[in-house]
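What follows is a set of notes on a single structure, which appears directly below.
The values are calculated or read from the model by the stated rules, or taken from the named source; none is laboratory data. Worth saying up front: this structure is predicted, and the values here are computed from it rather than measured. Note that we place each Cβ from the backbone using ideal geometry, even for glycine, and neighbour counts take in every protein chain shown.
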C-alpha cells in the first residue's frame with residue numbers, strides 16, 4: 001500500500017486463497033479501494049479502484065442514497081447504524 005493519510009481494512013478472508021480489502025484516503029484526497037489476493041505458491045494480485053478527490057463526497061452521497069433510497073426512516077436508520085458501530089451521532093428532532 002502507498003503512503004496515505006487514512007487507511008482501514010474493511011474486509012478479510014483467510015484460507016487457501018486469501019483476500020484483504022482496504023479503503024484509503026490519499027494525501028491528495030483520492031479515495032482508493034485496494035484488494036490484495038494471495039493464493040497457493042507465489043500467486044498474488046492487487047486491484048485498485050480510485051476516485052478523485054473532487055468526486056469522493058458525491059460518491060459517499062450516492063452510496064447513502066443507494067442504501068437508504070426513498071426510505072422515510074433513512075435518518076433514523078443511519079443514526080442507528082453509526083451508533084451500533086460506536087460512532088456518536090448528534091440528534092435533534094422537532095417537535
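Among residues belonging to region 13-24 that are surrounded by 11 or more Cβ atoms within 10 Å (Cβ to Cβ) and modelled with pLDDT of 90 or more, point out the one that is farthest from the chain's Cα centre (by Cα). Here the residue is 18.
Scanning region 56-86 for residues that are free of Cβ contacts under 8 Å to residues at least 12 places away in the same chain and under 15 Å from residue 23 (Cβ atoms) yields a total of 4. In region 27-83, the qualifying residues are those that are touching a strand residue (DSSP E or B) at 6+ places or on another chain (Cβ under 6 Å) and assigned to a helix (DSSP H, G or I), and the one that is nearest to residue 93 (Cα to Cα) is 59.
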